[in-house]
Amino acid sequence: SSSSSSSSSLMTQSSLASSYAVRIHPSNNGDDECNRLKWELLSLNKWELPNDNEGEGTLALRALSDCAQGDDRPDAAFTLSCEWNPSDSDDPSDPNCVDAWSIHVSVASSINEEDVPRELICVLSRVMVQSAASEIASKKITDREILLRITLPLLEGEGCQQLLLSDIIFPTEGRSSSSANGGGYDPNNTGVVGVRQLFTPLNSQYANMEIVDMVNREGRVLGSLPRPYVHTWNILHRGIGMVVSKDVDIFEALLDGDDNAGKAMPEVYVHQRTSTKRIFPSLYDMFVGGVSSSGEDAKWTAAREVAEELGLTRALNVLEKNEEDVNVEEVIVNPLSDKLFQCTVCTSYNRCVVSMFTYCCDTALESITWQEEEVAWGDYVPYDIVQLAGDMSIARLVEKGVWPGSSCNKDDGGKDVDSKQSELTIEELKNKYDKDYSWDTWDFVPDGLLVWEAWKAFLSR
């Protein structure tokens, strides 16, 4: 959804950035004249408990939840305050005159100045400006253009910028398929152009890279920023995950049995990353995943990612055809599901609100192809093998003390889809399937394993 709404502006929200939980106070407490926004950044260490063996991801999720529920623990490391007010126009009688608003972001710190992450402050200030711009847009009562006069932190001191409101406001979200690119990423979208202008004084090279969204706990967009900053400061953002099955839709398998208890689950695609990958070389993954660009609907992200990563283009073709011919009466079956559920993944290097999908690959119509520099191996693997291999990988991470999830509730409430399958031993599964790969030693990407737990819990429900 868009970065502001009448309901969300009255609620405390939360997000994550670097080693901090971001507590976002309401911009409007019922007072229409209250043009203020306050973001408090609290150290995640405040959520550590005595004898706490939980992973860093669980700690971040705990802080994210508490802040959203109005947790009022004091001693923020630093606070960003944003105020916006109408400003004098040049000549109100001139029909070509624009209305003007001033936006000012300031920072107050309770820690030593040298310990304040100045670049992070500059980045979050620019996201706050976008939230303020959304509030201003919601109050716009004339057709005249609005000029924003913005004062905000730089790496050293403060700086001033002038932007038109129309250059910084995105179309309303999915931020969705109403965009000119049918919900896909449009680098020429006026909102993207304005965000680039906003970040150019910080780093002109970053400003010209892909623009993505910072989100709150519910996945609502707070504002947009160049993607490198998301990785540098581990900022909570939007993304997708997807299970790719072979020839049979997973939910048909679950529901299409004689006793309505389901038939055998289809094989699902698993791949191994190349040994040259910078992050998690040689590890395995049972999902296709990716980051949503600003202005891109999650389903378009999923269609784009499965096309780019595996060469499966049917979903993208269906979305593009439906966008080109909105009056088409022919029903075209999309192998890509609608969004199934949403989960939040938190690790020391990645924080993402993930929208989950499935993709049913009809092998009579298309086949998987991958980039050799990205993927060392890939194949469709029996579901019960993936199930046990994933659980064994989690157990190894827990034993090593590096599992980012919850150690006391490892299964996240999820139960195996087929209890008979779950009782099969490694040896029994190896005898059951004629597969020559050593799946019992596969180590999976930790992010994917966190999504895997959420996926199992979803199927059990």
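Any read-out appearing in this document is the output of simple, stated calculations on the displayed coordinates, not a laboratory observation. Quick caveat: nothing in here was measured; it's all calculated off a predicted structure. With ideal geometry, Cβ positions are generated from the backbone for all residues, glycine too; neighbour counts draw on all protein chains shown.
Assuming charge only on the beta carbon of Lys and Arg (+1) and of Asp and Glu (-1), the dipole of the range 37-169 about its Cα centre is about 280 debye to the nearest 20.
Between D443 and H231, the FRET efficiency from the beta-carbon distance, with R0 = 30 Å, is close to 0.85. Close amide H partners of M242, meaning residues 5 or more places away or on another chain with modelled amide H under 5 Å apart, are V288, F357.
Taking amide H as placed 1.01 Å from N in the peptide plane, S294 has its amide H under 5 Å from the amide H of I211, V212, D213, each at least 5 places away in sequence or on another chain. Listed peptides 60-71, 39-50, 286-297 appear in the order 286-297, 60-71, 39-50 once ranked by packing, highest mean of other Cβ atoms within 10 Å at the front.
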